[in-house]
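Nothing in this text is a laboratory measurement; each read-out follows from the coordinates by a stated rule. None of the values given here were measured: they were computed from a predicted structure. Glycine also receives a Cβ, built like all others from the backbone with ideal geometry; neighbour counts cover every protein chain displayed.
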Amino acid sequence: MSAPFPLADLFTPEDWLALPEVSLTGIHLVRPVYEPDGPAIVDFAIEYLNPAGQRMTGLVEQPGGTLLGRFPHALAEGIFQYCRRVFETGEPLTYETNYQADGLDNFFKFSARRSGAHLLVSFTDTSDHDRSAVEQALRDSQAAEQAARADA
């Protein structure tokens, strides 16, 4: 039995560059933003989103801005702390959350790893999945409650 081919033998550089474009998983590349006079990470600048990530977030390929600037609720949901931990420790980790803020309403799964001076994050959401009857009833109830608050 022969050893498997290394991935470098299977993929051309063009294949690797095309991978984010055909992926059904969102991919974003972020760079840490540090406090002015210290080593602490205070945010992450969003530098790139692949087409799937653009669809899931409603942002463009190079949106500019930061994670907390565009998604302030990421702090309360633990997403910022997750990203900071992966970047600082270099340990690839996964994270899951039901994000219902900042114009988003989905269950997200994240997988991230540090890549040099950047953090590479892969994520999926449930927007393409059929909702169960119970989940749909809950979302309808939440929408009705929000509409009632807006009317009040």
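The relative contact order of segment 63-115, computed from alpha carbon pairs under 8 Å that lie at least 6 residues apart in sequence, is 31 percent. Each peptide in 103-112, 80-89, 30-39 was scored by the mean count of other Cβ atoms within 10 Å over its residues; highest first, the order is 80-89, 103-112, 30-39. Along segment 27-34 the Karplus relation, 6.51 cos²θ - 1.76 cosθ + 1.60 evaluated at θ = phi - 60°, assigns HN-Hα couplings of 10, 10, 10, 10, 10, x, 10, 9 Hz to successive residues, with x for each Gly and Pro.
Under 5 Å from the amide H of VAL42 lie the amide H atoms of VAL33, TYR34, GLU35, each residue being 5 or more positions distant or on a separate chain, with H modelled from the backbone and absent for Pro and chain starts. Computed from the C-alpha gyration tensor, the three semi-axes of the ellipsoid equivalent to segment 1-108 are 29, 18, 15 Å, from longest to shortest.
Here the 3J(HN,Hα) profile of segment 12-21, calculated from phi with Karplus coefficients 6.51, -1.76 and 1.60 at θ = phi - 60°, is 8, x, 5, 4, 4, 5, 7, 3, x, 6 Hz, Gly and Pro shown as x. Quick one: which residues, 5 or more positions from SER23 or on another chain, have an amide H under 5 Å from its amide H? H modelled 1.01 Å from N in the peptide plane, none for Pro or chain starts. For SER23, no residues qualify. Round to the nearest 0.05 the FRET efficiency obtained for ARG70 and LEU10 when R0 = 30 Å and r is the Cβ-Cβ distance. After rounding, the FRET efficiency stands at 0.25. Candidates PRO13, PHE71, PHE44 compared by Cα position along the dipole of segment 1-72: farthest toward the positive end lies PHE71, with charges placed on Cβ. Near the amide H of LEU75, within less than 5 Å, lie the amide hydrogens of PHE80, all on another chain or at least 5 residues away, with H placed in the peptide plane.
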